[in-house]
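The values are calculated or read from the model by the stated rules, or taken from the named source; none is laboratory data. Nothing here was measured: the structure is a model prediction, and the numbers come from that model. All Cβ positions, even for glycine, are placed from backbone atoms using ideal geometry, and neighbour counts span all protein chains on display.
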Amino acid sequence: MAAPETREPVFRARGLTKTYRMGEVEVPALRGIDLDLWPGEFVVLLGASGSGKSTLLNILGGLDAPSAGEVSCQGHPLTGAGEAALTRFRREHVGFVFQFYNLIPSLTARENVALVTEIASAPMTPEAALAMVGLGERMDHFPSQLSGGEQQRVAIARAIAKRPAVMLCDEPTGALDSRTGITVLEALARTHRETGALTVIITHNAVIARMADRVIQLSDGRIAGEQRNASRAEPSELSW
Amino acid sequence: MKALDRKLWRDLRQLRGQTVAIALVLVAGIATLVMSLTAYSALHDTRARLYAEHRFADVFAPLVRAPWPLLDELRRIEGVQAAEGRVVASVNLEVAGFDDAVNGLVVSLPDAHQGGLNQLFLRAGRLPDPLRADEVVLGEAFAQAHDLRPGDTLAAIINGRRQVLRVAGIGLSPEFVYQIRPGDAFPDHRRYGVLWMPREPLAAALDLDGAFNDLVIALGRDAREADVIAALDARLAPYGGLGAHGRDLQTSHRFLDEELGQLRVMVRLFSAVFLAVAAFLLNIVIGRLVNTQREQVAVLKAFGYSRWEVGRHYAGLVGLMVAAGLPPGLLAGAWLGRGLADLYSDFFRFPSLDWSLDPAALVLALAFALAVAALGTASGLYRTFALTPAEGMRPEAPPTYRRGGFEGALPARLFDPAARMVLRTLARRPLRTTLSVLGIGLACGILVMSRFQDAAINEMIEVQLGFAQRDDLAVSFTEPRTARAVLELATLPGVAAVEPFRQAPVRLRHGHREHRVALLGLPASGDLRRLLGPSLQPLPLPSDGLVLTDYLAGMLALAPGDTVQVEFLDGRRETVALPVRTLSHEYLGVGAYLELGALQRLRGEQSSVSGAWLRLEPGAREAVVRALRGRPGVAAATDRAAMIEGFRDTMAQVVVTFTLVATAMAAAIAVGVVYNSARISLSERSRELASLRVLGYTRAEVRALMTGELFTLAGLALLPGFVLGYGLCALLVWGFESELYRIPLALSPAGLGTAGLVVLAATAASALAVRRRLDGLDLIAVLKTKD
């Protein structure tokens, strides 16, 4: 499903640059990125570790600010927006999925999702969100009682429950074996299908690119290439 | 309940060990505060009520003899609301079954029809029959010390005549809340007592019919005390007035005031110290706790929780930890405060003690907890507030390891790899290591401070009653006598040496400053009473001119070489100017000293003495005391050993109890700090330690690393802890400094040792407590999670 280019993009980024100071070294993470992401797209950002993909995701999600360049979401500029505005943006429009799930260990699956639905304006119920990722039966388990794949699916439910405009997933299968990873990707494909949210997955795993509408390759802080898939593969067809 | 609140409660439960440790620090601080505060207000309020209800006089004027009708004239002095003439006499007492010399003060009962100043509170029995010459009310402290009850008898030598007295009642007076023999440093209720009898028979026994020798005055509301005193002195001069004075120079009131002042200092000092320490410790603990929750903070923010919501969440966590310490702190403080006040009432004699947990103390304790929480958690909470989510998600920049300076300074083979790891871990984060060391050091410092008073009291006794005062018995005469009387004492069997002294009440004046003191004339070659210099070396007595206690010189702004006006308050009341020659150092009271001959010359006397110090042959005490009892003209024989014993029984007991409590508090703080350091270290380094296990380190080796780190921190903290403790003690000494006594800044090795041992014991206990967690490290799980 290719997005018609006449519409307003969800994200529009121009000339994004980001440099970190890590201890005593300066690390350039992004060196001038121009990018448009469209509603309803399923995008995979592909790149080796250190290519700057996580940094890009953090900036798109309003977690981090670029050193230079501009980015806007649905016409509203994110660069220069204050802390309160970014918080509101994340609260209403962005769902995050992280490589290491980042569940709150002291809360059950249902409570982890409730953590988000309690502050969103038009969320689904935690139960509905968990059912969508196939965890309707394990809602009252603590993270320590769930497998890695299950924990990641709780994280997906937590991200989708607020009905976000965009799902940003940072190596969602990075910590999982292939079989479990595929169940997680199935959950993501399903939530994308059912909600139509722009879904961005960043990964270094080229196999996953086959399930995307569009694949953007990042290398050394720059966009190195872009391709459209004629048809999207089902997660069950993938293996690595 | 909201999910975030649920997280709060679950986190709290998971952190229960640390919560308890933090609460412990708070409990210690609050308990100390409430204890001192309630004990202070109990004593303060009780005294105020006693003074008001029993009409404690404002001005006191001893004199030799004035006719009764003079009272009418004195009552007309402006500002005098009531004036009451009394008869007061020092007597020797005999109690069956007690051989030591016992002194007493007999005071005539307030006349009922005058409204009565310094009214008695009758604890038991009744007032004496005004027509009977042999009935008395006995002071409670003395009665208890000898187990005397209404109906019992004792004998008194009044004006040379032995008289048997029957106890009609047991009483207390606002004038004698604190009972001490004039000139003594400590109360001794077995050898000194106060008794009251009807005025007329007492006056008759003292040949004071129709006259009085003591005056008590109540002032009107707008009266100026100084004016009244000046007027009284002028009117009483022809009648042998010895100088009127206000409550500030009344013995009981002064001691009580002093003690209240000290309690107030204690409240402020200990509260401030505990506040600072507790806040500092919380700061470290919360700062590190928040650090371990970095990622959770980041996730919450990533999902759209605002920094305020996240800040509130962690403030709630900290608030609950602090709040957990409040109720037990209040309870412990109330219980201890009650106990402390009860202890005080053992040597301050009140009809009853008004102890209550008043709202002011509660409010202050609450304010204390809030202040600790605010001061101690502000920076940690601010970091939570300010942490940007992306930053929280990123691993912290790898810590920079360097070859530490200690490795260059010492041969490498002195350190095995484990020791090197411990030292590098500590050296790579100098700030954190310094803070941990400082935290444990503070706990150690409080311990040193709490153990200090014990050593200081011993030093006080040793110097004052071992080094400066070396007599076995101090004998004072009822009135000045000739040197012959001293020679007679020397001939008593069992007396090894005798040294005479002359004592005169004087007022010292320098510029606008003045002070009343007993001027003591000492023999130049004396050995039983020595003046000590600043480093406690015996001072030679100058042949003329004064030696002053350094503290007194400070009060009067005098230095050696200055001249001071000396106004004698008895005899011919002459005023002379004398040079100050040197300053002496002593811990108890203040004094002015002059060579005996010089004093006698000044007063125009040949060889008049007020008493003598005796050194006794071993085992001769009983016989000498018995011989002295029968001698006319001997007013009192003070036994130095008994004095020390009396002191140990009373004041020392309070101090020791307080010390014990403070030590427990300080130990609680030490445990709280060390345990928290250990727990947080563990959570910060679990990954590193698990990696070591994977690499093949044994449990014991990993344990040794952790234990090594803890003990290294504790070891490093000892020296700064002792220094901090010394500073706190100096603060305490400075706060407690008064005319009545100065606490020496004497730290005993035992006190330091105890403090060090408590810190090390707390370390060992903490190491044991984290050991279980250390052994249970889940290697795989730890390695799988993100760094």
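In the range B:261-282, the count of residues that are assigned to a helix (DSSP H, G or I), within 14 Å of chain A (Cβ to nearest Cβ), surrounded by fewer than 21 Cβ atoms within 10 Å (Cβ to Cβ) and at negative phi is zero.
If you go through the range A:81-115 and keep only what is surrounded by 23 or more Cβ atoms within 10 Å (Cβ to Cβ), within 7 Å of chain B (Cβ to nearest Cβ) and more than 16 Å from the chain's Cα centre (by Cα), you end up with A:87, A:104, A:111, A:114, A:115.
Go over the candidates B:504, B:490 one by one and state the one that is in contact (Cβ under 8 Å) with a residue 24 or more places away in the chain and of a type in the set (A, V, I, L, M).
The conditions single out B:504.
For beta carbons closer than 7 Å, sequence separation of 6+ or different chains, a first residue in the range A:113-142 that is over 18 Å from residue A:185 (Cα atoms) and a second that is of a type in the set (Asp, Glu), the qualifying pairs are A:120/A:92; A:121/A:92; A:138/A:150; A:139/A:127.
Of all residues in the range B:218-232, which are touching a residue at least 40 places away in the same chain (Cβ under 8 Å) and closer than 30 Å to residue B:588 by Cα? B:225, B:229 - these are the residues of the range B:218-232 that are touching a residue at least 40 places away in the same chain (Cβ under 8 Å) and closer than 30 Å to residue B:588 by Cα.
Using beta carbons and a limit of 7 Å, which pairs, at least six apart or on different chains, have the first residue in the range B:424-443 and hydroxyl-bearing (Ser, Thr, Tyr) and the second one surrounded by 18 or more Cβ atoms within 10 Å (Cβ to Cβ)? Between residues of the range B:424-443 that are hydroxyl-bearing (Ser, Thr, Tyr) and residues that are surrounded by 18 or more Cβ atoms within 10 Å (Cβ to Cβ), the close pairs are B:425/B:709; B:433/B:426; B:436/B:284; B:436/B:677; B:436/B:713.
Tallying residues that are more than 20 Å from residue B:228 (Cα to Cα) and loosely packed, with under 15 Cβ neighbours inside 10 Å within the range B:50-66 yields 2. Of all the listed residues (B:299, B:310), the sole one being closer than 14 Å to residue B:4 by Cα, within 14 Å of another protein chain (Cβ to nearest Cβ), assigned to a helix (DSSP H, G or I) and touching a Lys or Arg at 6+ places or on another chain (Cβ under 7 Å) is B:310. Scan the range A:40-55 and tell me whether some residue there is over 15 Å from the mean Cα position of the chain (by Cα) and β-branched (Val, Ile, Thr). No; the residues of the range A:40-55 include none that is over 15 Å from the mean Cα position of the chain (by Cα) and β-branched (Val, Ile, Thr).
Being at pLDDT below 80 and surrounded by fewer than 22 Cβ atoms within 10 Å (Cβ to Cβ) holds for only one residue in B:696, B:646, B:708, and it is B:696.
Condition check ((1) free of Cβ contacts under 8 Å to residues at least 12 places away in the same chain; (2) touching a Lys or Arg at 6+ places or on another chain (Cβ under 7 Å)) across all residues:
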site	(1), (2)
A:15	no, no
A:27	yes, no
A:46	no, no
A:54	no, no
A:62	no, yes
A:75	no, no
A:78	no, no
A:86	no, no
A:90	no, no
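Quickly run through the range B:9-46 and pick out the residues that are away from chain A (no Cβ under 14 Å) and of a type in the set (Phe, Trp, Tyr). Hit for the range B:9-46 is B:40, nothing else. Within the range B:349-364, is even one residue buried (at least 23 other Cβ atoms within 10 Å of the Cβ) and at pLDDT 85 or above? Yes; the residues of the range B:349-364 include at least one that is buried (at least 23 other Cβ atoms within 10 Å of the Cβ) and at pLDDT 85 or above.
Can you tell which of A:231, A:178 is loosely packed, with under 13 Cβ neighbours inside 10 Å and in contact with a Phe, Trp or Tyr (Cβ under 9 Å, 6 or more places away or on another chain)? Let's see the steps before the verdict.
On the way: A:231 fails: in contact with a Phe, Trp or Tyr (Cβ under 9 Å, 6 or more places away or on another chain).
Matching residue, one of A:231, A:178: A:178.
A residue that is surrounded by fewer than 21 Cβ atoms within 10 Å (Cβ to Cβ) and of a type in the set (Phe, Trp, Tyr) occurs nowhere in the range B:133-148.
Report yes if residue B:542 is over 27 Å from residue B:628 (Cα atoms) and either surrounded by 20 or more Cβ atoms within 10 Å (Cβ to Cβ) or free of Cβ contacts under 8 Å to residues at least 12 places away in the same chain (or both), otherwise no.
no
State the number of residues belonging to the range A:62-86 that are more than 19 Å from residue A:167 (Cβ to Cβ) and of a type in the set (A, V, I, L, M).
The total comes to 5.
Among the residues of this structure, residue A:71 does not count as one that is outside any loop (DSSP other than H, G, I, E, B) and more than 21 Å from residue A:19 (Cβ to Cβ).
Residue B:206: under 30 Å from residue B:144 (Cα atoms), out of contact with any Asp or Glu (no Cβ under 6 Å at 6 or more places or on another chain) and surrounded by fewer than 21 Cβ atoms within 10 Å (Cβ to Cβ), yes or no? Yes.
For the range A:132-168, filtered to residues that are small (Gly, Ala, Ser) and more than 13 Å from the chain's Cα centre (by Cα), the residue that is modelled with the highest pLDDT is A:161.
Among the residues of the range B:378-394, is there at least one that is aliphatic (A, V, I, L, M), over 21 Å from residue B:289 (Cβ atoms), in a helix (DSSP H, G or I) and within 14 Å of chain A (Cβ to nearest Cβ)?
yes
Of the residues contained in the range B:487-497, none is found to be under 25 Å from the mean Cα position of the chain (by Cα), at pLDDT 85 or above, of a type in the set (A, V, I, L, M, F, W, C) and not in a helix (DSSP H, G or I). Residue pairs whose Cβ atoms lie under 8 Å apart, sitting 6 or more positions apart in sequence or on different chains, and linking a residue in the range B:164-190 that is without any contact (Cβ under 8 Å) to a residue 12 or more places away in the chain to a partner that is surrounded by fewer than 21 Cβ atoms within 10 Å (Cβ to Cβ) and not in a loop (DSSP other than H, G, I, E, B), do not occur here. Of the residues making up the range A:39-77, those that are closer than 19 Å to residue B:298 by Cβ and either away from every other protein chain (no Cβ under 13 Å) or surrounded by fewer than 21 Cβ atoms within 10 Å (Cβ to Cβ) (or both) are A:53, A:65. Taking the range B:229-260 as the range and being on the phi < 0 side of the Ramachandran plot and more than 34 Å from the chain's Cα centre (by Cα) as the test, the residues that pass are B:230, B:231, B:232, B:233, B:234, B:235, B:236, B:237, B:238, B:239, B:241. If the condition is being part of a helix (DSSP H, G or I) and within 23 Å of residue B:552 (Cα to Cα), then the range B:714-753 contributes B:729, B:730, B:731, B:732, B:733, B:734, B:735, B:736.
Screening B:240, B:304 for residues that are buried (at least 21 other Cβ atoms within 10 Å of the Cβ) and either more than 14 Å from every other protein chain (Cβ to nearest Cβ) or of a type in the set (Gly, Ala, Ser) (or both) leaves exactly one candidate, B:304.
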